[in-house]
1. How much accessible area does Y398 have with a 1.4 Å probe, in Å² rounded to the nearest 10?
2. Using a Cα-Cα cut-off of under 18 Å, which lysines could be cross-linked to K592, ignoring same-chain neighbours fewer than 8 residues away?
3. Among W155, W134, W499, W120, what's the order by accessible area (1.4 angstrom probe), most exposed first?
4. Can I get the semi-axes of the chain's equivalent ellipsoid? Compute them from the C-alpha gyration tensor as square roots of 5 times the eigenvalues, in angstrom, largest first.
5. Using only the alpha-carbon atoms of the range 28-173 as identical scatterers, what base-10 log of I(q)/I(0) does the Debye formula give at q = 0.08, 0.10, 0.15, 0.20 Å⁻¹?
6. Roughly how many whole Å is it from the C-alpha centroid of the range 264-327 to that of the range 535-549?
7. Please state the shape class of the range 619-685: rounded when a/c is under 1.5, otherwise prolate if a/b exceeds b/c and oblate if not, all from the C-alpha gyration tensor.
8. Largest first, what is the accessible-area ranking of I767, I678 with a 1.4 Å probe?
Amino acid sequence: MRTDEIRQAFLEFFKSKGHTIVPSDSLVPKDDPTLLFTGAGMNQFKEKFLGRNVTYKRAASSQKCLRTGDLDNVGKTSGHHTFFEMLGNFSFGDYFKKEAMQWSWEFFTKVLKIDPERLWASVYKDDKEAYDIWKDIIKMPENRIMKFGEKDNFWPSEAPTKGPNGPCGPCSEIFYDYGKDVGCKKPGCTPACDCGRFIEVWNMVFTQFDRQQDGSLKPLPAKNIDTGMGLERLASVMQGVKTNFEIDIFVPLVGEIEKLSAVSCKLSAKKAKINAIADHIRAVTFCIADSVMPSNEERGYVVRKLIRRAMSHGQDIGIKEPFLYKLVSVVTQVMKAQYPELAERRDDIAQVVKKEEEAFLFVIQTQLPKVNEAFENIKKTKELKRLPEIAFTFYDTYGMPYDMLEELAEKSGLKIDEKEFENLLEGQRTKSRSKTKIKGEIFSETFAKKVEALGLKTEFLGYDSPVAEAKVLAVLDGGEVVLDKTPFYGESGGQVGDWGKIETASGAMEVEDAKRIGDTIVHIGKMLRGKIVKGEAAKARIDEAVRKKVMANHTATHLLQAALRKVLGEHVKQTGSMVDAEHLRFDFTHMKKMEDREIARVEEIVNENIKKALALNKEIKDIEAAKKEGATALFGEKYGDKVRVVTIGDVSKELCGGTHLDNTKDIGIFKITSESSIASGVRRIEAVTGEAARAWIDKRKSEDASRVATEKQKEEDKKAMQVKVSAEIEKIDALLSRAKAAGAAKVFTEIIDGLNAEGLRTLSDKIKEKEKSAVIILATKIDDKASFIISVTGDLVKKGVSAGAVAKDLSKLIDGSGGGKPEFAQGGGKDPAKLNEALEKIFLGLKARLQ
């Protein structure tokens, strides 16, 4: 069976068992601070596992996942991957062990027609219930049912003894037996042996306990099922191949890499590198498709690291030019059945990858010599303890892969202390985690989780009214207020929360922000009087002036996205936004800096649509109907069966829960204030509307006028100075006649008012044209300060006279500083009253030297 057929068979099987088929979530988990990437099928169902927002009891999915914990093993083993698909079926307080285990057996033996004699099972050692189901109901021979401890067959691993607290439970796994001729070939070989004969193909987690602080396992009132099965691993079983890299969706990719490298896959080391490249480009392609661009932080750093590791492997197999971008089309082709959106972004993804490859090649070209030099220096000085630190610097600062650094070290006869390198890496990870919102706990008890645990629901009335009569449902520890009804928009979708006031009989609160957390809107602010008490009636009113500004900016972002797609192309996708009362920010996919003419055209189109006075239509629709109509969805957002569609004439149609104007004319005017890059392939536009736009334009006009006036004044001053210099040149004969003799040379010490340093230099050049052996010192007094230049002819420079040295001596005499080259120098001082005396001293010194 082809991989696509296996995936489809799985989903259809569980659909027949009453499961809702849920599309794969993004690789970027939304509103989940515990995860960097989606790493399991259950991630998108966390709320349902906690008993919240359970709109269906059974679900099945094929989830795209990304894990980097075993990165070093990718390509070297038969089944390690960074990106993979996880098939899974889930129960939220509905069916439990018996059904889950029976259905897994049915799917394997009846649908896929796997020989039952090839299947083994494992259970947690204390899970008698699961053991008996395998033995008595499914009729699996006892010698093929293994009992393992909490490290292997409990989720989270070792939770009973080590934690964390929270939902947990035993696991049961199904193993496929490749046969006694595979692996160690020992008669007593079982799934406990890691020789390769047995491969785990399905893992079922029975979430039935809530681990307490004291370590006890308290039964959950509603027990859940969470299963996971690697699609690629199952495909290797069904297609009768030894590794995942030989299945149908990998064969074209591996083959293309072989062509590019011109290296046979018979050598295991080369084969491992080719396999790793194939894995990494799949991960990179899917990440970029989900708008995770290469960068130096968090998710973007993972993408950059994968690209650079793949390129390093490519270098090892003879590929010296950018090549990964050529593989993007292969990935999109083999995955198009399940992920047609990849094809839509194929060219954009390839451009991002190519740009990143070119950047890394530049790093290699510039840093490789430095690495070799550093390693050779360590070898000479024998400071071996510094090797891990220096290697880590190149790894962390310049993104050079560890494998490449290790090979370079070996060429210098050195070996990097891997343990010490890991310590440095872990230290950096700890430092990064302290700066990031990504946390390590499972089901963490954040403020949001605490609010959701209250199970309170706020009805939002703000689309239709700025005021609401409500009841206080809760007053939280920090004074935050929850109402049963509210006109306050809770921050979400990039739109900030409303401002306003909540009043009750016992108190009044100035609301400075509102947050939407699940079905709850939390009002945040400061008390104006008294206190607000749970249960009392409340009157909630938003600040309508602020709301109107926010709505203008939000509606403008919709017009902006439409204009960008029209000017730059359909590849433009929104990756983020922020709208408040002051301005708007819009992030979008685009490979290069926008040209001035493009920015001007986008701005022009938006303002044209504002002037057209287009009416906005906001209506609730079925999500499938909205998508068929071409409504644009925001990346990373999860939508229910019913969605709010905001339509602006024939210009824009987007899924959006935010607040908007009724007509584009109320925006007034739109002005882009900046366009910049925030990541590889992601641009950011900031803009203002209405009065803020007019104020910005007026300020810019004023600044421009001031700049023009300043430039004009500078030009006039320059012309005036040129007139003064010309006047002094007219009198040059008189100046020459005042020269003082110093041996065969002449010394000029003149104070000329009204000239700047540039004018003095011009005049000195004219003197040097007429005098072939001279020291020329010209000074001026400006704003109670003295300024001077010194010029020395070449013949005197050869005799040891230095303009720089003379400048230093002169500047000291007038409380200043100076210096320069032997031929020319300049300086100044704070005491111009001493200038005449100082010039005389300098002359006498020069005279004595040149006699």
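1. 80
2. K354, K355, K566, K573
3. Result of the area sort, largest leading: W499, W155, W120, W134.
4. Square roots of five times the eigenvalues give 68, 41, 26 Å.
5. Reported log10 I(q)/I(0), two decimals: -0.27, -0.43, -1.01, -1.54.
6. Spelled out, the Cα-based centre of one part sits 52 Å from the other.
7. Oblate, since a/c reaches 1.5 and b/c is not below a/b.
8. Sorted descending by solvent-accessible area, the residues read I678, I767.
The values are calculated or read from the model by the stated rules, or taken from the named source; none is laboratory data. Everything quoted here is computed from the prediction, not taken from an experiment. In this analysis, Cβ positions are derived from the backbone assuming ideal geometry, glycine residues included, and neighbour counts consider all displayed protein chains. With ligands, DNA and RNA removed, areas are computed over all heavy atoms of the protein, side chains included. Shrake-Rupley method; radii C 1.70, N 1.55, O 1.52, S 1.80 Å.
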